[in-house]
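Each reported figure results from applying straightforward, stated rules to the coordinates on display, with no laboratory input. On a predicted model such as this, the values are computed, not experimentally measured, just so you know. No Cβ is skipped: glycine too gets one built from the backbone with ideal geometry, and neighbour counts run over all protein chains shown.
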Amino acid sequence: MTHASDAHPAAGPVLITGCSSGLGRAAAIIFRAAGYETFATARDPSTLDDLRALGCRTLALDITSEGARRAAAETVEREFGAVRILVNNAGYGQYGPLEEISLDLLRLQFETNVFGALRLSQLVLPAMRRAGRGRIVNISSVAGRVSSIGGGAYHATKFAIEALTDALRPEVEPFGIDVVNVLPGPIATQFEATLLKHIPDTGPQSPYTYFKHRLAERMHNFLNPQKFGVMSAETVARVVFKAATARRPKTRYSVGFIAHLGPIGRALTPDRVVDVMTRRKVPVVKK
């Protein structure tokens, strides 16, 4: 791996969102180790102390705050003129039955996973265009190609990222800017703990009490690091680095066995059959 001192002076700057843990943290470590001037961000900058010790610049960034988004983009551009690579990674999973997910919770899910990424892209694009180059890497998911019971809110945001990426890419390509989508399968990170915390607790009288219990069990097992197809954050971060630095990147990088084959299997299976299979895995009512 290239050391920081060996890097080309044009390496960076890279702005990465959601670096407090998981994929964002792993990506920041890889970019910095390769010599890129790396700006790692998180809502709470104190979670980034170890990245700062490795040589990353660190910034406070609540991706849902317009002021924070502008400040992050302006901080990088003030010193370097333009962001060279933007990695839109920040996000979380809002799971639970759609009937019980309030519109406020749904709005926050989109504000974090979709609008924050799009708005930050809008903010860095003018300077990228003036520089005549740039790369935006959006972290989607296999959840952006296949929707599943109990994950409708989260899947909707990832489907939206897919659509926005495919539209933005040809719009900015004439200006020398690439937009790339990275779609990981399941990753062993703190995502599971956040996901379980966000399943709505609507009391014991909820018709979905049993379903939510089984959904929590299912997602815990699905994201078990020992399970086949579950990857480390470092494995996915290496693909993010490739997507961000390849001279001629692919438009989409699916990462892992499940991300590659899941959408194919879903497309070949009738909807009603999928419904039956998923209800067997996560029963809605106790029989």
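For the chain, the longest principal axis of the C-alpha atoms and the axis of helix 233-245 are separated by about 50°. Against the main long axis of the alpha-carbon atoms of the chain, helix 22-33 sits at an angle near 20°. Computed over the chain, relative contact order equals 18 percent, with contacts defined as Cα pairs under 8 Å that lie 6+ residues apart.
Determine the calculated [θ] at 222 nm for the chain from helices alone, applying -39500 (n - 2.57) to every DSSP H run no shorter than 4 residues and normalising by the residue count; nearest 500 deg cm²/dmol. If you can, show how the numbers build up before the last one.
Working: 11 runs with 135 residues, N = 287.
Helices in the chain give a 222 nm mean residue ellipticity of -14500 deg cm²/dmol.
Distance between the modelled labels on Arg129 and Leu105, one decimal in nanometres: 3.9 nm (7 Å Cα→Cβ projection). Placing unit charges on each Cβ (+1 for Lys and Arg, -1 for Asp and Glu) gives the chain a dipole about its Cα centre, and among Thr38, Gly55, Gly96 the Cα reaching farthest toward its positive end belongs to Gly96.
What the phi angles of the range 105-111 give under the Karplus curve with 6.51, -1.76 and 1.60, with θ = phi - 60°, is a coupling list of 5, 5, 4, 5, 4, 6, 4 Hz, glycine and proline written as x.
Considering only Pro170, Pro204, Pro126, the Gaussian network model of the chain with Cα springs below 10 Å gives its largest mean-square fluctuation to Pro204.
Here Asp49 and Leu118 are evaluated by their C-beta separation; at R0 = 25 Å the FRET efficiency comes out at 0.25. Placing +1 on each Lys and Arg Cβ and -1 on each Asp and Glu Cβ, with no other charges, gives the chain a dipole about its Cα centre of roughly 780 debye. Checking the Cα-Cα distances for Lys197/Lys242; Lys227/Lys287; Lys158/Lys197; Lys197/Lys227; Lys158/Lys287 against a 30 Å cut-off, the pairs over it are Lys197/Lys242; Lys158/Lys287. Using a Gaussian network model of the chain whose springs link C-alpha atoms within less than 10 Å, name the residue from Ser254, Ser65, Ser102 with the highest mean-square fluctuation. Comparing Ser254, Ser65, Ser102 in a Gaussian network model of the chain, the most mobile one is Ser102. The long axis of helix 152-172 is offset from the longest Cα principal axis of the chain by roughly 30 degrees.
Taking label positions 7 Å along the Cα-Cβ direction at both Ile264 and Glu74, the computed distance is 4.9 nm, reported to one decimal. Here, the range 127-184 has an Rg and a Dmax of 13.4, 44 Å when only alpha carbons are counted.
Roughly how many Å is it from the Cα centre of the range 21-66 to that of the range 147-196, as a whole number? That distance is 20 Å. Checking (i) 114; (ii) 135; (iii) 203 against volume of the Cα convex hull per residue in Å³ calculated from these atoms, the matching label is (ii).
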